[in-house]
1. Give B:Arg390, B:Arg394 a once-over and let me know the one that is touching a residue at least 24 places away in the same chain (Cβ under 8 Å), crowded, with 23+ Cβ neighbours inside 10 Å and among the basic types (Lys, Arg).
2. Scan segment B:102-155 residue by residue and report those that are β-branched (Val, Ile, Thr) and in a strand (DSSP E or B).
3. One residue is enough: does segment B:757-770 have a residue meeting the conditions farther than 24 Å from B:Lys344 by Cβ and touching a Ser or Thr at 6+ places or on another chain (Cβ under 8 Å)?
4. Just need a number here: residues in segment B:97-113 that are surrounded by fewer than 15 Cβ atoms within 10 Å (Cβ to Cβ) and under 26 Å from B:Arg25 (Cβ atoms).
5. Among the residues of segment A:78-130, write down those that are outside any loop (DSSP other than H, G, I, E, B), closer than 23 Å to A:Asp227 by Cα and away from every other protein chain (no Cβ under 14 Å).
6. Which of (1) outside any helix (DSSP H, G or I); (2) more than 14 Å from chain A (Cβ to nearest Cβ); (3) surrounded by fewer than 22 Cβ atoms within 10 Å (Cβ to Cβ) is the odd one out, the single condition B:Leu228 does not satisfy?
7. Which is more than 11 Å from chain B (Cβ to nearest Cβ) and exposed (fewer than 14 other Cβ atoms within 10 Å of the Cβ), of A:Leu23, A:Leu30, A:Leu54?
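The values are calculated or read from the model by the stated rules, or taken from the named source; none is laboratory data. These figures come from a predicted structure and were not determined experimentally. Cβ sites come from the backbone with ideal geometry, for glycine too, and all protein chains shown count toward neighbours.
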Amino acid sequence: MDTDRERHRARETAFYLFTQQSLPACKPVLTPGWVIAIFLFMGVIFIPVGLVTLRASHCVVEIVDRYDIDCVPEPSRMDKVSYIQDDSIPKNCSRFMKVHKYMKAPIYIYYQLDNYYQNHRRYVKSRSDKQLLDGQKYHDTSYCQPVESNNNRPIVPCGLIAWSLFNDTFEFIREGAELKVNRKNIAWKSDRGHKFGKNVYPFNFQNGTLIGGGKLNPEIPLSDQEDLIVWMRTSALPSFRKLYGRIEEDLDVDDVVVVNLMNNYNTYSFGGKKKLVLSTSSWLGGKNDFLGHACVFVGCSSLTLAIIFVLLHVKYRR
Amino acid sequence: MKRYVYINDNESSHELYCDNRISNRKYTVLNFLPKNLWEQFSRFMNQYFLLIACLQLWSLITPVNPASTWGPLIFIFAVSASKEAWDDYNRYLSDKKANEKLVWVVRQGIRKHIQAQDIHVGNIVWLRENDEVPCDLVLIGTSDPQGLCYVETAALDGETDLKTRVIPSACMGIDFELLHKIKGVIECPNPDKDITRFDANLRLFPPFIDNDVCPLTIKNTILQSCYLRNTEWACGVAVYTGNETKLGMSRGIPEPKLTAMDAMIDKLTGAIFVFQIVVVMVLGIAGNVWKDTEARKQWYVQYPIEGPWYELLVIPLRFELLCSIMIPISIKVSLDLVKSLYAKFIDWDTEMIDYETGIPSHATNTAISEDLGQVEYIMTDKTGTLTENRMIFRRCCISGVFYGNESGDALKDTKLLNAVAGSSPDVVQFLTVMAICNTVVPIKSKTGAISYKAQSQDEDALVNAAAQLHMVYANKTANILEIRFNGSVIKYEVLEILEFTSDRKRMSVVVKDCQNGKIVLLSKGADEAILPYAYVGQQTRTFIEAVEQYAQLGLRTLCLACRELREDEYQEWSLLFKEASSTLVDREWRIAEVCQRLEHDFEVLGVTAIEDRLQDGVPETIETLRKAGINFWMLTGDKQNTAIQIALSCNFISPEPKGQLLLIDGKTEDEVCRSLERVLLTMRITSSEPKDVAFVVDGWALEIALKHYRKAFTELAILSRTAICCRVTPSQKAQLVELLKSCDYRTLAIGDGGNDVRMIQQADIGVGISGREGLQAARAADYSIGKFRFLKRLILVHGRYSYNRTAFLSQYSFYKSLVICFIQIFFSFISGVSGTSLFNSVSLMAYNVFYTSVPVLVSVLDKDLSEGTVMQHPQILFYCQAGRFTVSLPFLAFFPLLYNRASESEYICWMVWSIFVPCNCCVCDHHTCLCLREK
């Protein structure tokens, strides 16, 4: 009697069921009803979500201005590369951007580079995270090749990425008055706090014969060099935007914003484009229609399939 | 080259030859690491991964941290190495047990109990009954006055019948005490693995006999791993020891069986490797071209004008490393893991426990479960596999009177019981033959009950039946047999035993009735070995009818006969027999010839019919499995009629008119050829009809067919779904399996006895039934089960699930590797074909191990259909069998498959870029909610 009960109890343990491959399991049988219901449900869920997303994306106002060609004076347009490399020519340039729709603060200022391979292997690898955090205390800069030292002294920050820092600058004027641009807090907090050292100062930077991009103020620690921090977060695609700053005033319809810029950065040798972007944001971020389109597409296809299955089911009912 | 073994010489041969230490180990502690690594690296996949791992150490080209390959690689190697080490340790333990077994050996003239490993060549070893022989010995003495002893050679050649061994003539008659002091020399060849030959000479030194050379044959030896049976003691001189014995020399590690799926995976791996090389070359060229045309313009990349000499190689090698994940490194480990679980499921299955004996099913080979789901041919033994191998005496026919026809059990037939009670002379004579014409040994327990120790199940059945009919075989002391019949004791003296051989198909004893001194020859045997030798004038028609009738019922028949011998006739013959028994050349044949001189002019007494009942559920199992599209072949040593009857009764073949049996027979090449062609013709015609056509072939015709008409026979084998092969030898069984395997069919062999071992080892899957004929088949097999009916569950449930799961798992492994690899490839097109990895090392490793490898292991519990459904609709197995083709289909259509993968990863890639990459950039650019929240 006891052994019977014991055996019975043994049969109920999970391990016994496992050994007999008879653990309880749900085995959905895809009957037409279920299939139609699932597709209907997907359609009902996805279409509204897609529409909401699309709406959010459409609320975002974006002004894009490509300035790399127009900022080169007419006579130099035949040989843009020598123009940009000639330091004696002043590089300032003015652009007019017309606001076509009310833009609510904060308005984000981006520069956009096209055909710029920040994801090139040689480029991506050429940095030393340890040096960025510890400065000259960290000696091994072999990762930073080919920009690891100059005159036998290490460069801080070393590597191709830092060396090629973007150095166009922008000023915004509306109706004669300068718009205040907030250039703080444009980099990730984690980067500022944990990746770039608070006591690390630029050293021996852009001192070589070959000068790449912008220079850094050696008085400011790396953790406060936010332009550098933004630039050092390399982009995965050859066409990318990077945050420059924020305008913290609303812009009205038909406002004309004059942009005084310094066109310093060389994208001419490889045919890259430079664009300036002003954009507001929604709860979903910037202007991105893909997600909304995708959701609507999936929802519509599910609905269509559901309808087709209903028709088939009605026609060929068993 | 020869070796000279000096008997009882304790010094000279110690250094020359190894001691008796047996070693089956592959490794020693020192050579384990190098040898095991070498073995593992002989596999292509491992070499490949090692190459990749080494390339990754070059930081210029590695896209990810080398740890992402080294980690899994070391893990995989550690797993396989520890498995090997564990197996080897177990082998070491079993060797140790054998080596430390105590045996009696003569040392300095005194018998001592020493460990088996300390036996040296030339030592004299003493064995008792049922001892295992520790090394190869030349017999010099036995307890038998004629110098005979019996050994069971099952471990050596798989034959369960006892073999007689005899001491060399030179040692004949040496006194028991003197054996310790015997001196001499044995000249024998160097060790080889031929267990049928031993061409040696023995010369004893004075004072023993003379110094004539005495020839030795295999008959004078007992080989390692045999068992001494029915002989009180025997002693012999060790000639080969340790790993140099005949068994040791023939011991090879059986080749590991490879499943169809494994072969498929290897092929797929090869194909992917080729594809990978192509991708690498294309991308490498594209990368170099892009570098020279575009990248040099990009000042921020700072390509040097002049690179080092290997510059052209750098980009292709980078892509090689990027693409290396195309071949899933985890597949071997995952598959090994799930396969051992499948095996465990078989071990654990309570529905496959034989409750009669309490033996659970067991998977010895853990690697081939999924092949069970792809079986196409089952080769089955008959006796003990389909039947219970429990012989029961059912009917008999004594002098033309049939007993047991009405009730089906002669032991309850009142007619017979009355005849026994009335001591009808025919019946008494018949029962006497049943009781004493055998090699059975009666054993009396303390309570007085008599049990019988018989080598053959048939003899056991006959003796027991005789005992139930009051003819009790009570005792055997030396040569005197005691029989109790109706209260009186009759004594017989056994003069000779003419043993059973499969050529003679009968056995006889010559006994002397102790009461009246009459000498009688008692014989029993197959009908064709007895009835033709009846004395002229005896009517054997009723016996022939009886045999036919019993065979129709699927009963095993034996004819019993006797003949009274004259004193002088016996004496004359006895001399001949002794002479024949001591010949050295062709002894078996000579003995058979001499026996023939005595075994004629029989007075046929009657026919016995013994039933060997079918096991439970055999017909159902066969029917279900045939519905599943599995073809059955029955290979049996039994005779044609019985085999056909059993086949009919277990749904193996259908009776006329639905079924048709085609016979291939003939004694000569021409006859066999003609009948083979006729059968082939019929088979071709009927192959389109819905008719069960089966062919029947006997051993003799099979031998000829396999030798001379192999092509025709192969065609027949392919055409025929069912075949019955009777009177086949163990090696023929193996040949038939080989034949079907060569036609690229998946074969399963199932059997229970030593004679099935070779076929079990030969087949893709060997299943052993742990039955009454011992455990040899079960030990040699990949799977052992208790009853034939479990085969259904083994194939339909375990085999099918294993196949589906393994198929899913391996396909998934390739799929996930290809997907992530294609994302990398697409990314390389937008990263300047420079070989940047989209994912960092940690993510890649995590993807390979934690995200994709570990969770899918849950698929070992996956069941697409419930067990009941599969059992009810066995046809579903077709998909698995055809799996050979559908799995290879994506292989043929490999590029379309890759194309699908490509478009899929393109899609995933697109999704990732469209959502995450902008998001990611947006994160950098502070364009999304993420960044908003961060402020």
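1. Numbers: B:Arg390 fails: crowded, with 23+ Cβ neighbours inside 10 Å.
The unique qualifying residue is B:Arg394.
2. Within segment B:102-155, B:Val103, B:Val105, B:Val106, B:Ile110, B:Ile114, B:Ile124, B:Val125, B:Val138, B:Ile140, B:Thr142, B:Val151 qualify.
3. Initial filter on segment B:757-770 (farther than 24 Å from B:Lys344 by Cβ): B:757-759, B:762.
Checking which are touching a Ser or Thr at 6+ places or on another chain (Cβ under 8 Å) leaves us with B:758.
Looking for residues that are farther than 24 Å from B:Lys344 by Cβ and touching a Ser or Thr at 6+ places or on another chain (Cβ under 8 Å), one finds at least one in segment B:757-770, hence yes.
4. 4
5. Step one: list which residues in segment A:78-130 are outside any loop (DSSP other than H, G, I, E, B), which gives A:78-85, A:92-98, A:103, A:107-114, A:121-125, A:129-130.
Cutting the leftovers down to closer than 23 Å to A:Asp227 by Cα gives us A:84-85, A:92-95, A:107-114, A:121-125, A:129-130.
Hits for segment A:78-130 are A:Asn92, A:Cys93, A:Ser94, A:Arg95, A:Lys130.
6. (3)
7. On the way: A:Leu23 fails: more than 11 Å from chain B (Cβ to nearest Cβ); A:Leu54 fails: exposed (fewer than 14 other Cβ atoms within 10 Å of the Cβ).
Result: A:Leu30 is the single residue among A:Leu23, A:Leu30, A:Leu54 that is more than 11 Å from chain B (Cβ to nearest Cβ) and exposed (fewer than 14 other Cβ atoms within 10 Å of the Cβ).
Each row is one residue, and each column tells you yes or no for (1) over 28 Å from the mean Cα position of the chain (by Cα); (2) farther than 30 Å from B:Asn848 by Cβ.
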residue: B:Val64; (1), (2): yes, no
residue: B:Ser68; (1), (2): yes, no
residue: B:Ile74; (1), (2): yes, no
residue: B:Ala81; (1), (2): no, no
residue: B:Ala85; (1), (2): no, no
residue: B:Arg107; (1), (2): yes, yes
residue: B:Arg111; (1), (2): yes, yes
residue: B:Glu132; (1), (2): no, yes
